[in-house]
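Reviewing the structure listed below.
What follows is calculated from the coordinates using simple rules that are stated; it is not laboratory data. Note that the structure is a prediction, hence the values are computed from the model and not measured. With ideal geometry, Cβ positions are generated from the backbone for all residues, glycine too; neighbour counts draw on all protein chains shown.
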Amino acid sequence: VSEEILKQHQLKVTAPRRHILEVFQQAPDSHFSAESIYQQLGEANIDIGLATVYRVLSQFEAIGLIERHIFTKDHFVYELKKEGHHDHLVCQACHLVLEFFDNMIEQRQDIIAETHDFLIQDHQHIIYGICPACQKKGDWKATS
Ligand SMILES: [Zn+2]
Ligand SMILES: [Zn+2]
């Protein structure tokens, strides 16, 4: 499947592109930093340098295959672009990103825009906080 997607986007199928795309496909709701992809590939004994990971990610971003976010200062995360809208919860200690969708929030935002005569093009709703695992550790320090 990863090979077909690369071909559809007119990208030559190379081992790094295939492996990195598969990391995203195996966890379509996850948000990865370049370092975490690099680490994950290393753990699977796939030898791809961090510079290559960065290069492939910016190629994927350029063709609209993935999206890049900066939720916390100086920390980029990437996710597979998918149909439909979702918002995010972001852990300020470990950079974990979770997705949510809430009809009531969506409706309220429509009403707010309407009240201000705004034609909505896009919106982002981000909840910053501390994830359960970091709360348990107790020694978390928010980064932004
Ligand atoms: Zn955390
Ligand atoms: Zn997301």
All positions within region 86-105 that are assigned to a strand (DSSP E or B) and not acidic (Asp, Glu): 88, 89, 90, 91, 97, 98, 100
Candidates 61, 67, 83, filtered to the one that is part of a helix (DSSP H, G or I) and within 15 Å of ligand 2 (Cβ to nearest atom): 61
Residue 56 being under 21 Å from residue 9 (Cβ atoms) and either within 13 Å of ligand 2 (Cβ to nearest atom) or outside any strand (DSSP E or B) (or both): yes
Restricting region 86-101 to residues that are surrounded by 12 or more Cβ atoms within 10 Å (Cβ to Cβ) and more than 16 Å from ligand 1 (Cβ to nearest atom), the residue that is nearest to residue 75 (Cα to Cα): 87
Residue list for region 11-39, filter: in contact with a strand residue (DSSP E or B) (Cβ under 8 Å, 6 or more places away or on another chain), under 16 Å from residue 58 (Cβ atoms) and in a loop (DSSP other than H, G, I, E, B): 33
Single unsatisfied condition, residue 111 versus (1) more than 18 Å from residue 18 (Cβ to Cβ); (2) within 15 Å of the chain's Cα centre (by Cα); (3) assigned to a helix (DSSP H, G or I): (2)
Test: residue in region 120-134 that is loosely packed, with under 11 Cβ neighbours inside 10 Å, in contact (Cβ under 8 Å) with a residue 24 or more places away in the chain and not in a strand (DSSP E or B): yes
Single unsatisfied condition, residue 138 versus (1) more than 16 Å from ligand 1 (Cβ to nearest atom); (2) exposed (fewer than 10 other Cβ atoms within 10 Å of the Cβ): (1)
